[in-house]
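The values are calculated or read from the model by the stated rules, or taken from the named source; none is laboratory data. Nothing here was measured: the structure is a model prediction, and the numbers come from that model. FYI the Cβ positions are ideal-geometry reconstructions off the backbone, even for glycines, and counts take in every protein chain you see.
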Amino acid sequence: MATEPGSAPAQDQRSVLVLNSGSSSLKYQLVDVDSEQVLARGSVERIGESGSAASHTAGEQTTRSDDRVSSHGDALAILMEAFDRHGPDLDETGLVAIGHRVVHGGGHSEPQVVTEDVLEEIEALQVLAPLHNRAAAMGIRAAQAIRPDVPHVAVFDTAFFAGLPAEAATYALDREVAARHRLRRYGFHGTSHAWVSRQAAELVERPYEQLKQVVLHLGNGASASAVDGGRPVDTSMGLTPLEGLVMGTRSGDLDPAVVLTLARAGASTDEIDRLLNQRSGLLGLSGVNDFRELQQRVDAGDADARLALDVYVHRLVKYVGAYHALLGGTDLLVFTAGVGENNPALRAAVAKRLEPLGFVLDESANTAGRVVGGRVVSTPDSPVTIAVVPTNEELAIARQAVDLVG
Ligand code: AMP
């Protein structure tokens, strides 16, 4: 149960406000880092566009507004006003830091307290993550202006993968060109992969340091990682979050010559960017990017949706098989995020193809309702344990922020 607005703060309560600034949205959660309760959550959507909408939920109460929001600064002001008017009072919850999700952190392997230098670095990385890092920097500047009294911590999506072995991080490109443009594989969704792999080890009650895991983060964005004893060995996203698995609107892996062919046919860089990031993946193949709608179309006999699902599963099986080989065998396969946590049919389709490699799903465990805390879904004698573990990037960010600021 979340705390009711206006209720007295528990003594020594410590909270972190986690902000996730997208190009046209700002999502937030106020997290009690000790009890793991979400004290409040909300979002401001369509910033700078018509039809802005804000919502704020504290306890049982949700309030909404549809005032026009023209900037991230405006969005932050609306958020702070929502806390003032509807609670909880940020200071009474023991606000110790504001944690910012930042997609691209370059070579940073740890969260950073935001200084002007760190902010400039985040902005400089816009070249590699134009939409994401520009928005994160705007969100941080706006939040610093409104709450200069608390430390702001940047938690990078790339951090967990900063230690990727060179052979996994390196593109086989001309070395000087790659160095000049910082072209390497960075990996994304790292906060989720780190959190989920650790939670999974706890779930199966085995030492994290001894487990070989393949983690599948399957949401609207999707990525896979191979984690050996807590260290990433490989991951599917690369220079940007475009590489790898088939996603809601992103193509994932392609022959780079697809880009050259389109460019030679007259498409501009921005057009190709939009095609690959926003109009491809499940959406490009079937007309819908939401997995529930895709599943409905498959069930109704839609051939395009069927092919989209087959391509999605094919790519997943290929990645798990490759990571199984890289790891020299897998102890634990973990599904997480919107699709991974909530779609037993997808888990079954992947596991069925992997059964010859020792991934044996338990049908009844797999379909036994919503997964709340995490659940093993393989048979007791399956050589590889298969688990579903909910991700919680906000709590992970809050914890890291608190660890950093003490
Ligand atoms: P995420 O990006 O993690 O929020 O995941 C979004 C994806 O998860 C969408 O494709 C949704 O269709 C899918 N998803 C979310 N909730 C459910 C659910 N209860 N059942 C099936 N799919 C879901």
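Restricted to the stretch 53-81, and to residues there that are among the hydrophobic types (A, V, I, L, M, F, W, C) and crowded, with 22+ Cβ neighbours inside 10 Å, the residue that is farthest from S192 (Cα to Cα) is V69.
In the stretch 199-208, is there at least one residue being within 20 Å of V155 (Cα to Cα) and assigned to a helix (DSSP H, G or I)?
Filtering the stretch 199-208 for residues within 20 Å of V155 (Cα to Cα) gives 199.
From the residues that got through so far, the ones that are assigned to a helix (DSSP H, G or I) too are 199.
The answer is yes; a qualifying residue exists.
For V377, are the conditions met, namely being under 19 Å from A224 (Cα atoms) and within 15 Å of the ligand (Cβ to nearest atom)? For V377, the condition - under 19 Å from A224 (Cα atoms) and within 15 Å of the ligand (Cβ to nearest atom) - is not met.
When the stretch 215-245 is examined, which residues are found to be in contact (Cβ under 8 Å) with a residue 60 or more places away in the chain, of a type in the set (A, V, I, L, M) and farther than 22 Å from L332 by Cα? Selection gives L239 alone.
There is at least one residue in the stretch 261-282 that is within 25 Å of the chain's Cα centre (by Cα), of a type in the set (A, V, I, L, M, F, W, C), buried (at least 16 other Cβ atoms within 10 Å of the Cβ) and within 13 Å of the ligand (Cβ to nearest atom). Counting only strands (runs of 3 or more DSSP E) that sit completely within the stretch 8-104, those holding 1 or more residues that are modelled with pLDDT of 95 or more and of a type in the set (S, T, Y) correspond to 15-21, 26-32, 38-45, 53-58, 61-65.
Contact map, the stretch 88-114: residues that are under 22 Å from E36 (Cα atoms) paired with residues that are part of a loop (DSSP other than H, G, I, E, B) and among the acidic types (D, E), Cβ distance under 8 Å, separation 6+ or inter-chain. Pairs shown: G94/D12; R101/D157; V102/D157.
Of everything in the stretch 158-184, what is part of a loop (DSSP other than H, G, I, E, B), free of Cβ contacts under 8 Å to residues at least 60 places away in the same chain and of a type outside the set (S, T, N, Q)? Give them in sequence order.
If we filter the stretch 158-184 for residues that are part of a loop (DSSP other than H, G, I, E, B), which is where we start, we get 158, 164-165, 170-174, 181-184.
After this cut, where a residue has to be free of Cβ contacts under 8 Å to residues at least 60 places away in the same chain as well, the list is 158, 170, 172-174, 181, 183-184.
If the condition is that a residue be part of a loop (DSSP other than H, G, I, E, B), free of Cβ contacts under 8 Å to residues at least 60 places away in the same chain and of a type outside the set (S, T, N, Q), then A172, L173, D174, H181, L183, R184 are the ones that fit.
Do we have A365 as more than 21 Å from the chain's Cα centre (by Cα), within 16 Å of the ligand (Cβ to nearest atom) and without any contact (Cβ under 8 Å) to a residue 40 or more places away in the chain here? Against the criterion (more than 21 Å from the chain's Cα centre (by Cα), within 16 Å of the ligand (Cβ to nearest atom) and without any contact (Cβ under 8 Å) to a residue 40 or more places away in the chain), A365 does not qualify. Can P130 be described as over 18 Å from the mean Cα position of the chain (by Cα) and surrounded by fewer than 24 Cβ atoms within 10 Å (Cβ to Cβ)? No. Quick one: what pairs do we get from the stretch 278-293, first residue closer than 19 Å to A337 by Cβ, second at pLDDT 95 or above and of a type in the set (A, V, I, L, M, F, W, C), C-beta under 6 Å, 6+ apart or different chains? The qualifying pairs are G281/V246; G281/M247; L282/L294; L282/A308; V288/L294; N289/L282; N289/L283; F291/V339.
Six or more apart or on different chains, Cβ atoms under 6 Å: show the pairs whose first residue is in the stretch 13-33 and free of Cβ contacts under 8 Å to residues at least 24 places away in the same chain and farther than 14 Å from V96 by Cα and whose second is surrounded by fewer than 20 Cβ atoms within 10 Å (Cβ to Cβ) and of a type in the set (S, T, Y). Matching pairs, first to second residue: K27/S43. Filtering the stretch 140-165 to residues that are surrounded by 24 or more Cβ atoms within 10 Å (Cβ to Cβ) and over 18 Å from the mean Cα position of the chain (by Cα) leaves I140, A143, H152.
If you go through the stretch 328-341 and pick out every residue that is buried (at least 18 other Cβ atoms within 10 Å of the Cβ) and either assigned to a helix (DSSP H, G or I) or more than 16 Å from the ligand (Cβ to nearest atom) (or both), you end up with 9.
Restricting to the stretch 39-58, give me the number of residues that are closer than 14 Å to Y28 by Cβ and among the basic types (K, R).
Filtering the stretch 39-58 down to residues closer than 14 Å to Y28 by Cβ leaves 39-45, 47, 54-58.
The next check asks that each one be among the basic types (K, R); those that pass are 41.
Of the residues in the stretch 39-58, 1 are closer than 14 Å to Y28 by Cβ and among the basic types (K, R).
Would you pick out the residues in the stretch 344-361 that are in a loop (DSSP other than H, G, I, E, B) and surrounded by 18 or more Cβ atoms within 10 Å (Cβ to Cβ)? Don't jump to the end; show me each part of the working.
Filtering the stretch 344-361 for residues in a loop (DSSP other than H, G, I, E, B) gives 358, 360.
Residue satisfying the conditions is V360 alone.
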